[in-house]
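Participant: Before I ask anything, here is the structure I am working with.
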Amino acid sequence: MGGLFSGCSALTSIDIKSLDPGKVTNIRGIFSGMSSIPSIDMSIMNLSSARTIGVLVSGCKSLEQLNLSG
């Protein structure tokens with residue numbers, strides 16, 4: 001799943017509620033380069049298996065809110 005939305009610079013919103021990471025261990029750079037997105041809500045996702053999360057939001061210049069509380 002690493003780099004899934006990487007480079008999607010024109011996206012201004014994203015709905016990941018139906019995305020089930022299951023036992024995914026690599027989410028490195030999943031949102032990297034999404035320069036137009038103002039917020040990302042990952043609170044609904046179970047990321048307990050994630051081990052590689054580096055540069056998760058690198059290059060997200062417009063990002064003001066990131067919810068990883070789940």
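Participant: Of the residues in the range 14-27, how many are over 22 Å from GLU64 (Cβ atoms) and in a loop (DSSP other than H, G, I, E, B)?
Facilitator: Adding up the residues that qualify gives 7.
Participant: Now a separate question. Answer yes or no as to whether SER36 is out of contact with any Lys or Arg (no Cβ under 9 Å at 6 or more places or on another chain) and small (Gly, Ala, Ser).
Facilitator: no
Participant: I'd like the full set of residues that are over 10 Å from the mean Cα position of the chain (by Cα) and surrounded by 13 or more Cβ atoms within 10 Å (Cβ to Cβ), limited to the range 21-37.
Facilitator: PRO21, VAL24, THR25, ASN26, GLY33, SER35, SER36, ILE37
Participant: Here is a list: LEU63, LEU4, LEU11. Which entry is open to solvent by less than 60 Å² (accessible area, probe 1.4 Å) and assigned to a loop (DSSP other than H, G, I, E, B)?
Facilitator: The conditions single out LEU63.
The values are calculated or read from the model by the stated rules, or taken from the named source; none is laboratory data. Quick caveat: nothing in here was measured; it's all calculated off a predicted structure. Cβ: placed from backbone, ideal geometry, glycine included. Neighbour counts: every protein chain shown. We work out accessible area using only protein heavy atoms, side chains counted, and drop any ligands, DNA or RNA first. Shrake-Rupley method; radii C 1.70, N 1.55, O 1.52, S 1.80 Å.
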